[in-house]
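Working notes for the structure below.
The values are calculated or read from the model by the stated rules, or taken from the named source; none is laboratory data. Source: prediction; values computed, not measured. Note that each Cβ is placed from the backbone with ideal geometry, even for glycine, and that neighbours are counted across all protein chains shown. To get the accessible areas, we keep the full protein, side chains included, count just its heavy atoms, and leave off ligands, DNA and RNA. Shrake-Rupley method; radii C 1.70, N 1.55, O 1.52, S 1.80 Å.
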Amino acid sequence: MKDKKYVSKDTRGAAPRGHDVTGVKEGRKAREEGPGGAGHATPVLCDAVTCHDGTGKTADIFATAPGLSESRRVEAERGRLATVVEQLDETVVIIDTNWKIQYVNAAFEKKTGYSREEIVGEEITVLGSKIPGNMFYRRIRDTLEQGQVWIGRRTGRKKDGSTYRAEVSMSPIREESGISGYVAVARDITEQLKLEEQLRQARHLEAIGTLAGGIAHDFNNILAGILGFAEMALDDLPRDSTAVKNLRYVMKGALRGRELVKQILAFSRRGRYARRPLSVSPVIKETTKLLRASLPSTVRMDLRLDCASDVALADPSEIQQILVNLATNGAEAMGEDGGALEISLTGLEVREDRLPDPDIKPGIYLQLAVKDTGAGMDPETARRVFEPFFTTKETRRATGLGLAAVFGIVKGLHGAITVESTPGAGSTFRVLLPGGAEETKPEKPMEPGTLRGVERILFVDDEDILVEWAKAALERLGYRVTATTGSAAAYELFATDPAGFDLVITDQTMPEMTGRRLAGKLLHVRPDIPILLCTGHSDDVTPESVRKEGIRELLMKPLSNRELAQAIRRTLDG
């Protein structure tokens, strides 16, 4: 072949790409022998080129088969892609330009309950909660027809009629002739949205709680003066005096105000409680007895305590307040006709993958459930039920703070509260409290005769009325009292004569320096001086934190004369 001149000529007209050419000379011989012959070969996709010498005679045929490996690679990639799409956790739907469904993957069948046979050929709108042709779908159609990707959230409808929320990405399918259809990939975000709503609600309530806590602090100072001076006036007046009756009404109103402040502080999680490992069952039993006497006779109460270990870190008054508010709410929801009120306490293990509240941790919990057969609530009411001052009752009958207070107490105990309700079918409130603690016994109260003393006390508060009250109340008990409204002045008094004082009582929130800062300076001068810290709310101030700083005890305003006297003797005699 080297001594001949060859020219090449494309003979694809005679043997086009895809013609059954299996080789050069060997292939020609194979075809002559036919299938099964000695020279049988496998047909392949190839290009054939005929070469001629200068005389125009055919010298040889050269063939190449690039389509063989390429075809196999493309087919392998298509198979791999199909497998991936079928195994995706997200739903995949392919539709044509008329919005008819052409394909759905296995995840779609599992999520919606529709089989491929049922759904292919149907309009895509059958899967949504929107009617075909509305503005929502027109916006999506316009976006896709312009060749752009649409991303958003929509409500999907399953075969059984139930709905779910999904995050959807829809893209046009482009071919040489233009857009031939669209592919939609959707991810179920129903649970994610629930958690987002819980977080949003928690932040909303936290903001309101901050405001409520600040109001409660100022209100506490006002109530402390009213209660203190009214109590002293009652002690000074003869029992048969007409003024005594009037003062008792003043005391009654002030005490109601104090309870209202407690509810506000409970909601804002700034209330102070003497928390200890507590057996919850006896508290629930005792509270249920009180409820039987106060609730209407048409309300049937059923108590079920089924908990191997019922100890939680709590104050008895917290458990009492939770149960009273939930039971009262349930009884009022049942109205005049009454119904059944079920109260139960059970143990529950909360797993990492099933947290009812993003703020709690996995572990062992006590579940206090209160179920009523009342009117129930729609989803919007159930969503707002823990908001302060929100109520469905007549405003003259309710403040809207009961469930808000429960919410605050439960959060303060590092627990969770949920509500399940259906209009006309009642409601169930479930409170989860961390369990696993060991019970301790509370201290016994002091006898009245042990509350007097002769020690010298330095009292500090920026409210004039409280300074006057404390001085008068403590001097009646025999104490020598130096009182001032300025924290800087108090420090100067103490630094001048450190050994002259036996006890310091100071407010926490003061303009010049806080009570904790003042206590630190006093302890620097005299490390063994006993100090009591008073506060209108315990925002970031806890009994544990102040003890670490050398302060003996944290007292919550407003204090009665007796409560203050008991705290003094506990500290001085401790």
State yes or no: is Ile505 part of a loop (DSSP other than H, G, I, E, B), touching a residue at least 12 places away in the same chain (Cβ under 8 Å) and out of contact with any Lys or Arg (no Cβ under 7 Å at 6 or more places or on another chain)?
no
Confirm whether Ala490 is exposed (fewer than 14 other Cβ atoms within 10 Å of the Cβ), under 20 Å from Ile529 (Cα atoms) and out of contact with any Lys or Arg (no Cβ under 8 Å at 6 or more places or on another chain).
no
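Here's the yes/no breakdown for (1) surrounded by 16 or more Cβ atoms within 10 Å (Cβ to Cβ); (2) of a type outside the set (Ser, Thr, Tyr):
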residue	(1), (2)
Thr112	yes, no
Glu122	no, yes
Glu167	yes, yes
Glu196	no, yes
Arg200	no, yes
Looking only at the range 344-379, count every residue that is among the aromatic types (Phe, Trp, Tyr) and open to solvent by 40 Å² or more (accessible area, probe 1.4 Å) and tell me the total.
0
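Yes/no matrix, rows are residues, columns are (1) part of a loop (DSSP other than H, G, I, E, B); (2) hydrophobic (A, V, I, L, M, F, W, C); (3) on the phi > 0 side of the Ramachandran plot; (4) open to solvent by 10 Å² or more (accessible area, probe 1.4 Å):
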{"position": "Ala472", "(1), (2), (3), (4)": "no, yes, no, yes"}
{"position": "Ala495", "(1), (2), (3), (4)": "no, yes, no, yes"}
{"position": "Met513", "(1), (2), (3), (4)": "yes, yes, no, yes"}
{"position": "Arg516", "(1), (2), (3), (4)": "no, no, no, yes"}
Among the residues of the range 254-278, how many are modelled with pLDDT of 85 or more and open to solvent by 20 Å² or more (accessible area, probe 1.4 Å)?
1
Ser545 fails exactly one of (1) crowded, with 19+ Cβ neighbours inside 10 Å; (2) over 20 Å from Glu463 (Cα atoms); (3) modelled with pLDDT under 90, namely (1)
In the range 169-191, what residues are open to solvent by 50 Å² or more (accessible area, probe 1.4 Å) and free of Cβ contacts under 8 Å to residues at least 24 places away in the same chain?
Glu175, Glu176, Ser177, Glu191
Among (1) of a type in the set (A, V, I, L, M, F, W, C); (2) at pLDDT 90 or above; (3) open to solvent by 50 Å² or more (accessible area, probe 1.4 Å), there is one condition Val460 misses while meeting the rest; what is its number?
(3)
Kindly indicate which of Arg430, Arg452 is at pLDDT 90 or above and basic (Lys, Arg).
Arg430
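Just give me the residues in the range 236-248 being free of Cβ contacts under 8 Å to residues at least 12 places away in the same chain and part of a helix (DSSP H, G or I), in sequence order.
Within the range 236-248, Asp236, Thr242, Ala243, Val244, Lys245, Asn246 qualify.
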